[in-house]
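*Asks:* I have a structure I would like to understand better, so I am pasting it below and will then ask my questions one at a time.
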Amino acid sequence: MLVLTRKTNQSFMIGDDIEIVIVECRDGSVKLGIEAPKNIKVFRKEIFDEIKSENSEALDADMNKLIKILDKKE
Amino acid sequence: MIIDTKFSGQIEINDEDIIYFEEGLLGFEDAKKYVVINLDEATPFRSLQSVEKSEVAFIVINPWDIFTDYEIDIDDNELLSLGDIDIKNFMLYTLVTITENRITTNLIGPVIINVNSRKGKQTVLYKSSYTTRHDIISLIKKV
């Protein structure tokens, strides 16, 4: 893993067309500005992890449970 | 060929029923081949069943059956990775989770399938305000 030190308003490049700017650094949080082509997906890793864990939960779903809940509702 | 399924016992499928997920589903990267199986006809639920691993099967719905105003914005490049973009070739499903007495669906991580190229992937709607758990129990009607 590459570790860089940057000051506020400095930036770094990932490849030729992705630029990350350090906008603000305060109270243990870093605000980043990201300039990237439209086709590059940028999202918080938590979303990714959340979907992963929801997929695992979804694996436990089965039709019997489902019908039981639906029947109870009626 | 005959495969073992999680919800429907053994069923016969044709090669052309198989949808190839190059990247698998998030957390299930090893299962690449799936079929969509109709379950109880009285409900909107189907199953996304792995051809290779019988225990890997998800209950899915077409979200527009329930959330008529569901909106998505998927990048063209992402759609192109599944073949030609022709809207009528695409199917979209969301995974269903059951926890205690709740039935929810994950509207932020839908599965898109190009039925023409028979390729699919799970996408992340990273700009949307949807969540992984939208209640659907009150919206489902048995027909």
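*Asks:* So B:L107 passes all but one of these: (1) of a type in the set (A, V, I, L, M, F, W, C); (2) buried (at least 19 other Cβ atoms within 10 Å of the Cβ); (3) modelled with pLDDT of 95 or more; (4) assigned to a strand (DSSP E or B). Which condition number does it fail?
*Replies:* The number of the failed condition is (4).
*Asks:* Which of the residues belonging to region A:20-50 are part of a strand (DSSP E or B) and surrounded by fewer than 11 Cβ atoms within 10 Å (Cβ to Cβ)?
*Replies:* Within region A:20-50, A:R26, A:S29 qualify.
*Asks:* Checking A:S53 against (1) open to solvent by 60 Å² or more (accessible area, probe 1.4 Å); (2) of a type outside the set (K, R); (3) modelled with pLDDT under 95, only one condition comes out false. Which one?
*Replies:* With respect to (1) open to solvent by 60 Å² or more (accessible area, probe 1.4 Å); (2) of a type outside the set (K, R); (3) modelled with pLDDT under 95, A:S53 is out only on (3).
*Asks:* Further question: It is to be established whether one or more residues within region B:65-84 are of a type in the set (S, T, N, Q) and under 16 Å from the mean Cα position of the chain (by Cα).
*Replies:* No, region B:65-84 contains no residue that is of a type in the set (S, T, N, Q) and under 16 Å from the mean Cα position of the chain (by Cα).
*Asks:* Taking the condition more than 8 Å from chain A (Cβ to nearest Cβ), among the charged types (D, E, K, R), under 14 Å from A:A61 (Cβ atoms) and open to solvent by 40 Å² or more (accessible area, probe 1.4 Å), does B:R118 pass?
*Replies:* Answer is no for this residue.
*Asks:* Return only the number of the condition from (1) over 24 Å from B:A31 (Cα atoms); (2) surrounded by 13 or more Cβ atoms within 10 Å (Cβ to Cβ) that A:A61 does not satisfy.
*Replies:* (1)
*Asks:* Looking at (1) open to solvent by 10 Å² or more (accessible area, probe 1.4 Å); (2) under 30 Å from B:I2 (Cβ atoms), find the lone condition where B:D135 falls short.
*Replies:* (2) is the only condition that B:D135 fails.
*Asks:* Could you check B:Y126 against (1) touching a helix residue (DSSP H, G or I) at 6+ places or on another chain (Cβ under 8 Å); (2) modelled with pLDDT under 90; (3) under 14 Å from B:F21 (Cα atoms) and say which number it fails?
*Replies:* B:Y126 satisfies every listed condition except (3).
The values are calculated or read from the model by the stated rules, or taken from the named source; none is laboratory data. Everything numeric in this text was worked out from a predicted model, so none of it was measured. No Cβ is skipped: glycine too gets one built from the backbone with ideal geometry, and neighbour counts run over all protein chains shown. Accessible surface is based on the protein model in full, side chains and every heavy atom, while ligands, DNA and RNA are left aside. Shrake-Rupley method; radii C 1.70, N 1.55, O 1.52, S 1.80 Å.
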